[in-house]
Amino acid sequence: MAYDEHLAERIRTYFNQEKVSFEEKKMMGGLCFMVDDKMCAGVVKNELMARVDPEIYDEVLNDKGSREMDFTGRAMRGFLFIQPEGVDMEKDLEYWLNLCLEFNPKAKSSKKKG
């Protein structure tokens, strides 16, 4: 598979433990976790994709393992890739997932209205 299955399982476990309702969608060559029909977190290759509040983006960009998400060739503000060393400990993964979940209610849905 094109993404780290173990990291995906760790995300599933945490969301289930926190009673977060989510859907999984394969996209961007990886796996995306949708919460309330909005992209929340994901796994691309061996990295966590984190959608965080753009207000704290510059601050958390300096955290261990984080880098700009430049999937399209340019940085997407509010989206980060977290390298394996940034999520190797459970507390580190939980930190990032909590940032994603905190921003999710404010995030815009990409779901097309029919």
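Residue check: is residue 33 crowded, with 19+ Cβ neighbours inside 10 Å and more than 16 Å from residue 7 (Cα to Cα)? Answer is no for this residue.
Results for (1) assigned to a loop (DSSP other than H, G, I, E, B); (2) out of contact with any strand residue (DSSP E or B) (no Cβ under 8 Å at 6 or more places or on another chain), shown as yes or no for each residue.
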position: 21; (1), (2): yes, no
position: 33; (1), (2): no, no
position: 39; (1), (2): no, no
position: 42; (1), (2): no, no
position: 48; (1), (2): no, no
position: 54; (1), (2): yes, yes
position: 62; (1), (2): yes, yes
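Here are 51, 67: which of them is farther than 21 Å from residue 108 by Cβ and surrounded by 13 or more Cβ atoms within 10 Å (Cβ to Cβ)?
On the way: 51 fails: farther than 21 Å from residue 108 by Cβ.
Selected residue: 67, the only one of 51, 67 that is farther than 21 Å from residue 108 by Cβ and surrounded by 13 or more Cβ atoms within 10 Å (Cβ to Cβ).
For segment 78-86, does any single residue satisfy the condition of being assigned to a loop (DSSP other than H, G, I, E, B) and surrounded by 14 or more Cβ atoms within 10 Å (Cβ to Cβ)? Checked segment 78-86: at least one residue is assigned to a loop (DSSP other than H, G, I, E, B) and surrounded by 14 or more Cβ atoms within 10 Å (Cβ to Cβ). Scanning segment 64-106 for residues that are closer than 20 Å to residue 12 by Cβ and small (Gly, Ala, Ser) turns up just one, 86.
Suppose the filter is surrounded by 12 or more Cβ atoms within 10 Å (Cβ to Cβ), of a type in the set (Gly, Ala, Ser) and more than 14 Å from the chain's Cα centre (by Cα); does residue 75 pass it? It is true that residue 75 is surrounded by 12 or more Cβ atoms within 10 Å (Cβ to Cβ), of a type in the set (Gly, Ala, Ser) and more than 14 Å from the chain's Cα centre (by Cα).
Where a number appears in this text, it was derived from the coordinates with a stated rule and is not lab data. Worth saying up front: this structure is predicted, and the values here are computed from it rather than measured. When we count neighbours, we look across all protein chains shown, and the Cβ atoms used for this are built from the backbone with ideal geometry, even at glycine.
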